[in-house]
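Following: one structure in structure tokens, then a few remarks.
The values are calculated or read from the model by the stated rules, or taken from the named source; none is laboratory data. Bear in mind that the values here come from a model prediction, so they are computed numbers and not experimental data. Ideal geometry is used to build each Cβ from the backbone, glycine not excepted, and the neighbour counts take in all protein chains shown. These area figures cover heavy atoms from the full protein model, side chains too; ligands, DNA and RNA do not enter into them. Shrake-Rupley method; radii C 1.70, N 1.55, O 1.52, S 1.80 Å.
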Amino acid sequence: MAEGAAEAPAESGGGGGGGNSGAGEPERGVAPIKPQYLTTKEQFHEFLEAEGREEPSQETKAGDPDDSDLVEPEAKRIRLEDGQTKDGQTEEAAEQREQPQAQKRARGQNKSRPHMKPTHYDKNRLCPSLVQESASKCFYGDRCRFLHDVSLYLETKPADLGPRCVLFETFGRCPYGVTCRFAGAHLGPEGQNLVQEGLVQAPNIRNGLDKALQQQLRKRKVCFERSEQALRQLSKGRLPGPTPTAAEPEVTEADGAPEQDGCDAQQTSYGPQQAPPSGPLRTCGPLTDEDVVRLRPCEKRWLDISGKLYLAPLTTCGNLPFRRICKRFGADVTCGEMAVCTNLLQGQTSEWALLKRHPCEDVFGVQLEGAFPDTMTKCAELLNRTIEVDFVDINVGCPIDLVYKKGGGCALMNRSAKFQQIVRGMNQVLDVPLTVKIRTGVQERVNLAHRLLPELRDWGAALVTLHGRSREQRYTKLADWQYIEQCVTAASPMPLFGNGDILSYEDANRAMKTGVAGIMIARGALLKPWLFTEIKEQRHWDISSSERLDILRDFTHYGLEHWGSDTQGVEKTRRFLLEWLSFLCRYVPVGLLERLPQRINERPPYYMGRDYLETLMSSQKAADWIRISEMLLGPVPPTFVFLPKHKANAYK
């Protein structure tokens, strides 16, 4: 997806970068590094191999060109050799690509990459009934596919990864017990799970999926009364306005506006295809202010985040541990990864996990993707009564084919009737502000945003974020901030946030001069999450390699808290760390640059860092990213392979 959840990290640096091996005028599209640090590709890798503690095993050489199974695809290997352009193509190939009958455009994903789920690394898994001390006995009995013999499990369990368990030290108890990969830190002499009294409880991670609700969703027994009512109004052409005025009285209960949400997701027993009971719903219990005084539309459509730094909803990399890192460095607003509304309505656990919110996220929203008014409106009503969020965002920027060809993401910009119904329908059932994220358009030279923004304002959107590129451009062109400046006027008085190519406080300052209400930061946060600090303190931070490793260590700690400290949790944490490292390797330390600041479309050449770790962190080989992960999470499993989800096609 693209730079937000609408824009997933669709282009991270997994390819190599050629470099200037000597002094002289820096090549266009290449970061200008001081001559004394520049080196050649051969010298760079020789240095890393000589200084490394050991040669990576055959299984982990995911970036070795000699390994035909794990080698990166041809389109992903980006080199700057004689006669080649910045994006790794020859001049002749570049000319052919510009012609109408050009070959296939570069895409942002490695769709055929080798992948192995973390669950497959545990051949013999212990039954959860033995891990969870509160469970009495296994529900499946003899049919259970997991081990019930603890001693047999311990014989095949891999060795511990370290002497300290983050969960035990932080919360006083590790819920993974004997299956924890750091179990030695909290197992007693008889194998019992130790507990430290007096330590804080586990953080209250909000927005989890309740089992009872999940069953109701899977059996289609959740009723959507407010959605059905809103959709009926929309189908009859009765389009509710964004904000009632004095001359425009609010719609009363007799006109069909629901006075209260009388449909409880966990108590209803009739499905969406059955008619709800006729007449007013009978309720019982104390009368509350919420029952008597419903929020008026004009009272809930204000989202006061002007001037704040907004972390984009980044698919894959914008997970909860990463958002915690960004919050620590000064991000003001965070948003969950893009969630598909149909998957949420089906009660899919993996999709609901994208909605989870950490207590440190004080201004938090979720982003929904969908193509049809009924599913989007029902999903909005479901989330409105089951999770805690400050706003809901509609993804109208996702460029990937999987979403676009189904009519979602960017495709909604060309489907104005459906788009209008989605915005108006969701807005009618939500008690929190509704925001929208869009691109400049679908085609490269056909801008649509300036025409859509006034309509979005009238439909009831509280805020719009504009990514300054079209779907066709992806990341092959710089964001068009001049066009974003024109759109600010078109959107007024609705606040407009700008998004695209912000990697320094100078970039942020220039963006704010366009008149936008604020800026959204996506790839810049992936390349250097301390960017939020740089913007707020108006300085360049020459961060050391050891400080960067500490950030990665904190990420792994947050990951173990979030995904678990058993084998499955450790390897899931490693996967997300490696995906992030495929972006982090593109950062060039401030002290090595001839000119400040680094620009987001400049590829780092091969260079020697000021110490071994800094050099290792600049490597664009997956095998070196794996080596960094082993410093933090121990050795990888024997059959481990990795190729990043996204490839670098942004250097043009």
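Which one is farthest from L126 (Cα to Cα) among residues in region 176-193 that are open to solvent by 20 Å² or more (accessible area, probe 1.4 Å), in a loop (DSSP other than H, G, I, E, B) and at pLDDT below 90?
P189
Tally up the residues in region 467-478 that are under 17 Å from L503 (Cα atoms) and crowded, with 23+ Cβ neighbours inside 10 Å, please.
Of the residues in that region, 4 qualify.
Taking region 165-203 only, how many residues are touching a strand residue (DSSP E or B) at 6+ places or on another chain (Cβ under 9 Å) and among the small types (G, A, S)?
The qualifying residues number 2.
Please verify whether D550 is surrounded by fewer than 22 Cβ atoms within 10 Å (Cβ to Cβ) and either in contact with a Pro (Cβ under 6 Å, 6 or more places away or on another chain) or outside any helix (DSSP H, G or I) (or both), treating the condition exactly as stated.
So D550 fails the test.
Go through region 556-612 and report how many residues are closer than 30 Å to P163 by Cα, assigned to a helix (DSSP H, G or I) and under 27 Å from the mean Cα position of the chain (by Cα).
25
Restricting region 332-356 to residues that are among the polar types (S, T, N, Q) and open to solvent by 30 Å² or more (accessible area, probe 1.4 Å), which is farthest from L402 (Cα to Cα)?
Among those residues, the one meeting the criterion is T349.
Quick one: how many residues across region 357-414 are part of a helix (DSSP H, G or I), under 22 Å from N499 (Cα atoms) and of a type in the set (V, I, T)?
The number of residues fulfilling the criteria is 1.
Scan region 597-611 and tell me whether some residue there is among the charged types (D, E, K, R) and crowded, with 19+ Cβ neighbours inside 10 Å.
Looking through region 597-611, at least one residue is among the charged types (D, E, K, R) and crowded, with 19+ Cβ neighbours inside 10 Å.
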